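Worksheet for the structure shown next.
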Amino acid sequence: MTGTTGTPFGKTGGFFGMSGEERLWLGRAWLLGACLISFICVVNVLTIQHDAPHLGVIRPVIWEGSSALVTLFIFSIPAAMAFWVVRTRPRWWLVLPAHLAAVFVYSVLHVAGFIALRELSYVVILDSHYKFGPLATEFPYEFRKDMMAYGLASIIYWLALQRGGYSPPTVEPAQPAVFDIRDGARLIRVPVAEIIAVRSAGNYVEFILGDGRRPLTRSSLGAALESLARHGFVRTHKSWLVNKARVTGLTPEGSGDYTVELGNLEAPLSRRFPEALAILRG
């Protein structure tokens, strides 16, 4: 005679909890961003060449190429923010300051990164030093451009994650607990909720079921209680266990004894089991 319960298996997420579909669409969004950055880079180089031909080709390529290269790496910041927004769906008063902090970090990394790359390229290729200009005026100029780039990237990533089809995980309903009763050579599997009470019958115990059946199994009442106690069964008498969930009333019989009403069934509650009375009254 064994008791069994059904529990749903857990599900593990992918990389950082992303599904394969989400990773696919985030990758596509990054490729789209890379194509846009490359296109803008080429257009800017050609524009500088047209407006200031005396600068040659190398300097515009270093300027625009360094900015584009750093942007490809820091694109992970708006991607992470979009993932956070889609997954957690925070309130707008949390989203706004988070985006402001993220775009500031994005811009600082962008400016610091391309300055370092330009300085290195100037030293190696042009044998000179790159001058960024006064930080007080140049950084606000770059920050305005970075805000637009960050905003566009955030929108692209957000749309990609929406296309990825994320929906909050649903909680599967718990399976009802079941109990196996060995009735001779036959195994009867019944929901625990359908067991009204268990009664000792010599070397057997009798299960009183809600549908009127009363299968017998060779066991002691104590062994049955060990299996059923965690399901809310209480020993009310040396010969009885009752399902607390099926109790419909308690009637005092004098001298501390009670009758436990279980619908149409009645079971004794002995004064020798005061803890059972406390449980059933609780």
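Bear in mind that the values in this text are calculations on the coordinates, not laboratory data. Not measured: the values here are computed from a predicted model. When we count neighbours, we look across all protein chains shown, and the Cβ atoms used for this are built from the backbone with ideal geometry, even at glycine.
Using a Förster distance of 45 angstrom, determine the FRET efficiency expected from the C-beta separation of residue 98 and residue 189, and round it to 0.05.
On the way: r = 52 Å, r/R0 = 1.16.
That gives a FRET efficiency of 0.30.
Report, ordered by chain and residue number, the aspartates and glutamates lying within cross-link reach of residue 145, taken as a straight Cα distance under 20 Å and ignoring same-chain residues fewer than 8 apart.
64
Counting each DSSP H run of 4 or more residues in the chain as -39500 (n - 2.57), what helix-only mean residue ellipticity at 222 nm follows after dividing by all residues, to the nearest 500 deg cm²/dmol?
-16500 deg cm²/dmol
What list do you get for 242, 103 if you sort them by fewest beta carbons within 10 Å? It would help to have the intermediate numbers written out before the result.
Working: 242 29, 103 21.
Neighbour counts put them in this order, fewest first: 103, 242.
How large is Rg over Rh for the chain, taking Rg from the Cα atoms and Rh as the Kirkwood inverse mean of 1/r across Cα pairs? Kindly include the intermediate steps, with their values, before the conclusion.
Details: Rg = 36.5 Å, Rh = 25.7 Å.
Expressed as Rg/Rh, it is 1.42.
For the ranges 33-41, 51-59, what's the packing order if you count other beta-carbon atoms within 10 Å of each residue, average per peptide, and put the highest first? Let's see the in-between values first.
Working: 33-41: 15.4, 51-59: 11.2.
Top to bottom by mean Cβ count within 10 Å: 33-41, 51-59.
Using 7 Å Cα-to-Cβ label points, what is the residue 279/residue 120 separation (nm, one decimal)?
The two pseudo-label positions are separated by 7.1 nm.
Could you put 270, 128 in order, starting from the residue whose Cβ has the fewest other Cβ atoms within 10 Å? Write out the running numbers ahead of the final one.
On the way: 270 19, 128 9.
Fewest to most other Cβ atoms nearby, the residues stand as 128, 270.
Among 211, 146, 180, which comes first, second and so on when ranked by fewest other beta-carbon atoms within 10 Å?
211, 180, 146
Counting alpha carbon pairs within less than 8 Å and at least 6 residues apart, what relative contact order, in whole percent, applies to the chain?
Working: 343 pairs, mean separation 47.5, N = 282.
Contact order relative to length: 17 percent.
For the stretch 179-281, evaluate the Debye formula with one uniform point scatterer on each Cα (no solvent term) and list log10 I(q)/I(0) at q = 0.13, 0.16 Å⁻¹, rounded to two decimals.
-0.42, -0.63
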